[in-house]
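Since the structure comes first, as structure tokens, the remarks are kept for the end.
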Amino acid sequence: MDRNNIRLPTALLSAYEAIASVFLSATLDSDSIKLKRKHSRGSKFLTKINLTVLVVLTAIISVSSYIGTSLLQRSTSTAAKRTQHLAKISVAKSSTTTTNSINGNSFPSLAPGSLYSSAIQHENSLPGTSQWKISNAGAPGDIEGFASSTYAQIGDNLRLFVSTIAPTFQVQAFRMGWYQGKLGRLIWTSSTISGVVQPRCLITYTTNTTSCTNWQVSTAIKINSTFVPGDYLLKLVASTGPQQYIPLQVVDPNSNAAIVVDNAVTTWQAYNAYGGYSLYHGPANANSDRATKVSFDRPYSYYFGLGSGDFLGNELPLVALVEKLGLNVTYVNSIYLDLHPSLTLNHNAFVSLGHDEYYSPTMRNALQNSISQGHSILFLGANAIFRRIRLEPSPLGPDRIEVNYRIASLDPLYGKNNALVTTNWPSPPDPQDESSLTGLQYQCNPVNAPMVVVNPNSWIFAGTLARFGTTIPHLIGSEFDQYLPYAPHPSNVEILSHSPLLCRNVPYFSDMVYYSTPSGGGVFSTGTNYWVVTLQGGCPPFAGECPDPFTDQVTTNVLEAFGSGGVGYSHPSVPNANQIFYHPPFGPLTPIATTTTSSSTTTSSTTSSTTSTTMPEKATTTSQVVPPNSSVTTTAATTTTSTTNVVTTTSETITGATPSGSSPSPVG
């Protein structure tokens, strides 16, 4: 509690003391007069009144003193807890120790640093450029490539494998950030490199894994001190004009930045269909011939961010925002987290971005461990920690093969090591719902609906002008999460928004939540994929108006509070989730009824108004939107559909980014 909150009781106490002093003086004076008047009846009556008032005021003073003291003690206790929390982390990490190592590189343990960084502010004051953007996409196969690692650090020699029909090409390395709104700075340009058409990639048909380990090295980049740690796009530029990306994170193992941003490369790779196979489908676009293992030893598909994976839509806008704010930030990715899980303890806040679905047990345990030790997490998307994976080495290095069988009996580890069996996290043989960490459960896709605020007094909405019932158009989609009281969850979840919608013509609610932890941490979950794409800077064309001032302000509030450390003490959550779930402030949307006419029979059915594509295997939701024994029917329509949802409220609408219903990437 803020110390300013105890001023009123203290002021009242002073006033009561002053009034009591006057009455006490009047009583004494009255007694003196009464003695002179030989205790006249009137004087006796006056004395009784004054003494009665004095007793009452004394009681008021005592109560006020108790309240003021209690509030002061509570405020002092809260501040002390936060100070002790930060001091505990600092003392525990006052000396650098080795907590993890890979390939001989020790990983240090460090106390989290300050919220703002003069280095980040200086970096973003340097001249930016928009030349990082692709000006000539060419055609698939014109130029494409991948790196020997998804990340690098200063001193590394990063190998690039490039295939092109052009005679020559160059590589340009752009660090991504704010840079006066241009979002990139040119760091390095290669010399001219001879082009070559690499051989057809290898396919292991037992797992339908595409791997380009038969490609020759085209060039190498020495990562020196000019490569300021951060998110990078390596732009391949063919001499004939076409261009494509290779994404890269330049990491700093010695960073103790207040905030660490995690690029979800394991989710990118799951959707990467380069060579014909992804974890969703094979060449026939069917789930039946999908891959069960995918490799990082291949480019990202031309159709997947022009080689950048999911970076441009679901991640770059957040990167631009944190660097514009000058926050003390550093960057890692899913692979680096799996190799160095203790890194989360070096930072006050961990940021999961717009679509962060695929987690190994090591990755998940790293987040759970950080929460238990008083650190915080922002889940700025939906469908996080839904697929369980494990990572295997390839000829190019560790954690280059991503495994996801989905069906337990197909996984060779089934019955041998069930904790590593790659089903969905909520599924047997070792079910661990994501809601136990995020506070929310993945529900359905695709949707395009407004977010509806139900808890405007929360500190999270400070500066947004949001009121109860405020709607933010098109903010829910294309996947969404919901709080479910009968799924595993923390006991003190606070719902911030509760948005009615239809998905496959079934009524649901999408929730945004926050909860604090006893150790001083906090978890914030937006419950929607569209959050990051609406943030400041870098919005791709499908996003419409951008930035969205609502999401921009809310994200800033949470980043600053979480990045400062001890948010669980300064902003303890106020549980309301069960109350809102069982007694929602407004009812669910009504399914859309239509009449379908066949050759001889007219039948009534439900369908939604806008047809969209999605992954067939996601048509079945992970759990019902309604509690057991509810009378609401949840039969999905036979056609995959997306509904543009509308909710009527009594408050104003905040306008902002307007995704058209297309998602930044295929989601699920």
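For residues that are outside any loop (DSSP other than H, G, I, E, B) and of a type in the set (S, T, N, Q), scanning just the range 104-113, find the one that is farthest from Ala273 (Cα to Cα). Result: Ser106. Against the test of being at pLDDT 95 or above, closer than 24 Å to Ala320 by Cβ and out of contact with any Gly (no Cβ under 8 Å at 6 or more places or on another chain), the options Thr555, Thr526 yield a single qualifying residue, Thr555.
Pairs meeting the criteria (first residue in the range 547-566 and at positive phi and open to solvent by less than 10 Å² (accessible area, probe 1.4 Å), second residue assigned to a helix (DSSP H, G or I) and aliphatic (A, V, I, L, M), beta carbons under 9 Å, at least 6 apart or on different chains) are Gly565/Leu86; Gly565/Ile89; Gly566/Leu86. Screening Phe509, Phe480 for residues that are at pLDDT 95 or above, open to solvent by 10 Å² or more (accessible area, probe 1.4 Å) and among the hydrophobic types (A, V, I, L, M, F, W, C) leaves exactly one candidate, Phe509. Residue check, Arg390 against (1) free of Cβ contacts under 8 Å to residues at least 40 places away in the same chain; (2) open to solvent by 40 Å² or more (accessible area, probe 1.4 Å); (3) under 28 Å from Leu318 (Cα atoms), all met but one. Which one? Single failed check for Arg390: (2). Within the range 410-431, the set of residues being surrounded by 14 or more Cβ atoms within 10 Å (Cβ to Cβ) and under 19 Å from Thr209 (Cα atoms) comprises Asp411, Leu413, Val421, Thr422, Thr423. Within the range 461-472, residues that are under 21 Å from Glu560 (Cβ atoms) sit with their Cβ atoms under 8 Å from residues that are open to solvent by less than 10 Å² (accessible area, probe 1.4 Å) and among the charged types (D, E, K, R), at 6+ positions apart or across chains, in these pairs: Ile472/Asp548.
For the range 304-357, residues that are small (Gly, Ala, Ser) and under 23 Å from Ser125 (Cα atoms) total 2. Taken as a whole, the structure leaves Gly177 outside the set of residues that are free of Cβ contacts under 8 Å to residues at least 60 places away in the same chain and closer than 30 Å to Ser117 by Cα.
Just one of the listed residues (Asn314, Asn328, Asn346, Asn333) is open to solvent by 10 Å² or more (accessible area, probe 1.4 Å) and either over 18 Å from Ser278 (Cα atoms) or among the charged types (D, E, K, R) (or both), namely Asn328. Would you check if Glu494 is under 15 Å from Ile385 (Cα atoms), under 20 Å from the mean Cα position of the chain (by Cα) and either buried (at least 22 other Cβ atoms within 10 Å of the Cβ) or in contact (Cβ under 8 Å) with a residue 12 or more places away in the chain (or both)? Considered against the rule, which asks whether it is under 15 Å from Ile385 (Cα atoms), under 20 Å from the mean Cα position of the chain (by Cα) and either buried (at least 22 other Cβ atoms within 10 Å of the Cβ) or in contact (Cβ under 8 Å) with a residue 12 or more places away in the chain (or both), Glu494 comes out as no. Remark: pairs (first residue in the range 187-216, at negative phi and free of Cβ contacts under 8 Å to residues at least 40 places away in the same chain; second residue of a type in the set (Phe, Trp, Tyr) and surrounded by 14 or more Cβ atoms within 10 Å (Cβ to Cβ); Cβ separation under 6 Å; 6+ apart in sequence or on different chains) = Ile193/Phe169; Gln198/Trp215. In the range 242-261, the residues that are farther than 29 Å from Pro299 by Cα and free of Cβ contacts under 8 Å to residues at least 12 places away in the same chain never reach a residue that is open to solvent by 10 Å² or more (accessible area, probe 1.4 Å) and among the β-branched types (Val, Ile, Thr) with C-beta atoms less than 7 angstrom apart, at least six apart or across chains.
Taking the range 114-186 as the region of interest, the strands (runs of 3 or more DSSP E) fully inside it that hold 3 or more residues being aliphatic (A, V, I, L, M) and closer than 24 Å to Val265 by Cβ are 157-164, 168-176. Can you name the residue in the range 570-608 that is modelled with pLDDT under 50, among the small types (Gly, Ala, Ser) and over 30 Å from Ser278 (Cα atoms) and, of all such residues, is surrounded by the most Cβ atoms within 10 Å (Cβ to Cβ)? Among those residues, the one meeting the criterion is Ser605. Residues in the range 441-461 that are in contact with a Leu (Cβ under 8 Å, 6 or more places away or on another chain) and assigned to a loop (DSSP other than H, G, I, E, B): Val454, Asn455, Ser458. Taking the criterion of being open to solvent by 70 Å² or more (accessible area, probe 1.4 Å) and small (Gly, Ala, Ser), the residues of the range 108-124 that qualify are Ser114, Ser118. Within the range 400-409, can one find any residue that is in a strand (DSSP E or B), open to solvent by 20 Å² or more (accessible area, probe 1.4 Å), more than 28 Å from Ile460 (Cα to Cα) and of a type in the set (Asp, Glu)? No: the range 400-409 contains no residue that is in a strand (DSSP E or B), open to solvent by 20 Å² or more (accessible area, probe 1.4 Å), more than 28 Å from Ile460 (Cα to Cα) and of a type in the set (Asp, Glu).
The values are calculated or read from the model by the stated rules, or taken from the named source; none is laboratory data. All of these numbers come straight from a predicted model, not from anything done at the bench. Cβ coordinates were reconstructed from backbone atoms using ideal geometry, including for glycine residues, and neighbour counts include every protein chain displayed. Please note that ligands, DNA and RNA were not included when accessible areas were found on the heavy atoms of the full protein model with its side chains. Shrake-Rupley method; radii C 1.70, N 1.55, O 1.52, S 1.80 Å.
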